[in-house]
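Beneath this line is the structure, given in structure tokens, with notes to follow.
Bear in mind these aren't lab numbers, they're just calculated from the coordinates by the rules spelled out. It should be emphasised that the depicted structure is a prediction, and the values quoted were computed from it without experimental measurement. Neighbour counts are summed over all protein chains in view; Cβ atoms, including those assigned to glycine, are modelled from backbone coordinates with ideal geometry.
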Amino acid sequence: MYEDVLVPTDGSETISQTLDHALPIAADNDATVHALYVVDSRITAAAGSENAPTLEATLEEEGQQAVTAVEERASDAGLETATEIRSGTPAKSILEYADEQGIDLIVIGTSGKSPREKVTSLGSVSERVVDNASTPVFVVRKISPNDAA
């Protein structure tokens with residue numbers, strides 16, 4: 001049913017819980033796991049021309065660590081992987097990658113931000129992906145130990 005599963009990552013701790021769901025789905029379908037990190041061009045643009053190159057290099061390094069972490073976990077589960085780092089607006093880049101690669105399922109984490117937090121952080125990437133994807137999206141909400149009580 002699913003041949004290609006996209007797991008966008010921002011390198012946050014949410015990815016661990018996202019992979020807890022994505023990897024069994026991929027394994028059940030012998031699917032390739034795609035790990036994608038997007039260097040947010042809005043952040044580098046806001047840094048100004050003097051600081052942008054250094055910031056972009058730092059974000060690309062973080063991105064490499066993030067996709068490598070997904071790749072290692074997927075490989076440990078015996079799954080084929082593909083990784084990519086792109087620059088752009090996160091939701092738009094995720095959707096473009098999904099269309100270009102023929103992704104069958106997007107598994108994306110969310111931290112469950114409040115409306116106020118969404119405004120201050122430029123909105124919810126996962127919400128935009130859900131609203132605009134042409135493929136099914138599985139959203140994994142980060143559950144902290146305090147939420148489980």
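Before moving on, here are some points about what is shown:
- With the charge dipole of the range 19-74 set up from +1 on Lys and Arg Cβ and -1 on Asp and Glu Cβ about the Cα centre, the Cα lying farthest toward the positive end among the listed residues THR44, LEU23, ALA69 is that of THR44.
- Principal-axis tilt of helix 48-76 within the chain, Cα atoms, nearest 10 degrees: 10 degrees
- Taking a sphere under 15 Å around the Cβ of ILE15 and counting the other residues whose Cβ falls inside, with K and R at +1 and D and E at -1, yields a net charge of -4.
- On Cα atoms only, tilt of 14-29 relative to the major axis of the chain in degrees: 30 degrees
- Taking other Cβ atoms within 10 Å as a rough exposure proxy, ILE108, ILE85, ILE43 sort from fewest to most as ILE43, ILE85, ILE108.
- The magnitude of the dipole of the chain, with charges of +1 and -1 set on the Cβ of Lys/Arg and Asp/Glu and taken from the Cα centre, is near 740 debye.
- Rounded to two decimals, the Cα-based Rg/Rh of the range 4-148, with Kirkwood Rh, is 0.96.
- Spin-label pair ASP28-LYS92: with each label point 7 Å from Cα along the Cα-Cβ axis, the two points sit 3.5 nm from one another.
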